[in-house]
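A short write-up of the structure that comes next.
Nothing in this text is a laboratory measurement; each read-out follows from the coordinates by a stated rule. Please read all numbers here as calculations on a predicted model, not as lab measurements. Here the Cβ is made from the backbone with ideal geometry for all residues, glycine too, and neighbour counts use every protein chain on show.
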Amino acid sequence: MSPAPRTSPKAGRAARRRAARAQETDHGLVHRRWWTPYLFLLPGLAMVLTFSLWPFVNTVVLSLTDAQILRGGGFVGLDNYRRALGDPAFWTALTNSVLYTAVVVPALVLMPLALAVLVERKVPGIGFFRSAYYTPVIASAVVVGLMWQWLLRSDGLVNTVLVRLRVVAEPVPFLTDGTLLLVSAMIVTIWKGLGYYMVFYLAALGNVPRSLHEAAAIDGAGALRRFLHVTIPSVKPMMLLVGTLSAISALRVFTEVYILGGESGGPGGDSRTLPFLIREVGLGFAGETGYAAAISILLFLLTLVFSLLGRRLSKGDER
């Protein structure tokens with residue numbers, strides 16, 4: 001008997017490829033072009049490039065010019081950034097934004113968690129309370145601001161009640177004092193964000209094993225100790241996420257200050273935040289778009305710092 005003819009390695013590889021293609025064709029999995037999957041990514045990628053990446057690059061370029069609304073600008077390098085760092089209005093707005101974040105973020109991390117714990121229990125009528133707490137989230141920010149403006153003005157409901165009850169002798173200047181105006185805007189932001197972040201915590205609490213609470217209860221832990229030593233450690237990653245998201249939102253706050261304080265940002269502009277200053281500098285016939293773009297980039301860098309801090313804390317918690 002003669003030995004079987006030997007096939008070359010090249011012919012063997014070709015045969016295996018043909019077999020693989022035949023098998024893929026049988027299962028309907030054949031890919032005729034390597035770039036076919038990328039066609040599905042193209043619409044989303046085009047939107048990101050058009051509405052995110054290109055505007056960001058354009059803002060960076062614009063911040064290096066002295067452009068205005070009605071005329072193009074020439075290249076000035078880092079002059080706009082030097083001007084911002086020497087501008088008292090910029091430092092006032094930066095201080096207000098950082099103070100706003102320092103007050104709002106802890107409140108929006110802790111208060112929605114407590115609210116979620118309260119409405120987590122499945123008791124009759126709890127759905128009504130969940131819906132009621134979430135209602136401010138779906139309301140327009142302008143409508144919410146106008147409502148609170150009506151409540152806090154000198155002849156509004158809050159001052160009327162305080163004066164009638166003789167808690168104060170005269171109306172409290174919630175909207176005409178720079179400090180109180182900023183505090184009022186913080187209250188509006190917290191009130192509107194409670195229901196939104198409550199939903200985050202409800203999802204996190206649903207993943208906490210009941211066995212942990214039962215074991216803690218058997219060991220004699222009360223409701224407060226179970227909350228501190230079981231609930232909080234279990235939802236800590238969600239707390240870090242909420243802290244990061246609320247910090248980014250607080251740094252971008254504009255509507256609350258604008259509705260409550262008007263176009264000037266409160267008396268003397270003392271309650272202006274960075275987004276408010278960007279609008280004020282960049283709009284109008286004399287709007288300095290180059291300078292406004294530079295302030296926008298500085299706000300972006302500040303936001304990036306908070307985002308990286310949240311990411312670092314998340315990684316440290318995972319370790």
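Rounded to the nearest 500, what is the chain's calculated 222 nm mean residue ellipticity when only DSSP H runs of at least 4 contribute -39500 (n - 2.57) each, over all residues? Could the numbers behind the result be given before it?
Values: 15 runs with 217 residues, N = 319.
Result for the chain: -22000 deg cm²/dmol, rounded to the nearest 500.
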When the chain is treated as a Gaussian network with springs between alpha carbons less than 10 Å apart, the largest mean-square fluctuation among ALA116, ALA217, ALA89 is found at ALA217
Averaging 1/r across every pair of distinct alpha carbons in the chain and inverting yields a Kirkwood hydrodynamic radius, in angstrom, of 24.6 Å
Cα gyration tensor shape of segment 51-100, rounded if a/c is under 1.5, else prolate or oblate by comparing a/b with b/c: oblate
Can you give me the long-range amide H partners of THR65? Hydrogens built in the peptide plane at 1.01 Å from N, cutoff under 5 Å, separation of 5 or more residues or another chain. VAL76
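Assigning unit charges at the beta carbon (Lys, Arg +1; Asp, Glu -1) and nothing else, what dipole magnitude in debye, to the nearest 20, does the chain show about its Cα centre?
On the way: 30 positive and 18 negative charges, 429 e Å.
The dipole magnitude comes to about 2060 debye.
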Here segment 53-59 yields Karplus 3J(HN,Hα) values (6.51, -1.76, 1.60; θ = phi - 60°; whole Hz; Gly and Pro given as x) of 5, 5, x, 5, 4, 5, 5
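Treating only the Cβ atoms of Lys and Arg (+1) and Asp and Glu (-1) as charged, compute the dipole magnitude of segment 222-287 about its Cα centre; round to the nearest 20 debye. Write out the running numbers ahead of the final one.
Numbers: 6 positive and 4 negative charges, 107 e Å.
Around 520 debye, computed over segment 222-287.
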What's the center-to-center distance, using Cα atoms, between segment 129-182 and segment 78-118 in Å? 21 Å
Once you've got the GNM for the chain with C-alpha springs shorter than 10 Å, pick whichever of VAL257, VAL60, VAL104 has the biggest mean-square fluctuation. VAL60
If contacts are Cα pairs under 8 angstrom and at least 6 residues apart, what is the relative contact order of the chain in percent? 28 percent
Return the long-range amide H neighbours of ASP270 (sequence gap of 5 or more, or a different chain), with a cut-off of under 5 Å between placed amide H atoms. none
Excluding GLY261 itself, what net charge comes from residues whose Cβ is under 15 Å from its Cβ, given Lys and Arg +1 and Asp and Glu -1? -2
Hey, can you rank 198-209, 273-284, 67-78 by average C-beta count inside 10 Å, highest first? 273-284, 198-209, 67-78
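Rounded, prolate or oblate: which fits segment 198-270 when a ≥ b ≥ c are the square roots of the eigenvalues of the alpha-carbon gyration tensor, with rounded for a/c under 1.5 and prolate only if a/b beats b/c?
Details: a/c = 4.57, a/b = 3.19, b/c = 1.43.
Judged from the Cα gyration tensor, segment 198-270 comes out prolate (a/c at least 1.5, a/b above b/c).
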Sorted from largest down, what three extents in whole angstroms do the Cα atoms of segment 223-319 have along their principal axes? 58, 28, 15
Looking at GLY262, LEU299, ALA116, which one has the Cα that reaches farthest to the positive end of the dipole of the chain (charges on Cβ: Lys, Arg +1; Asp, Glu -1)? ALA116
Measure out, as a whole number of angstrom, how far apart the alpha-carbon centroids of segment 58-73 and segment 210-241 sit. 54 Å
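Over all directions, how big on average is the projection of the convex hull of the alpha-carbon atoms in segment 50-179, in square nanometres?
Its average projected convex-hull area is 14.4 nm².
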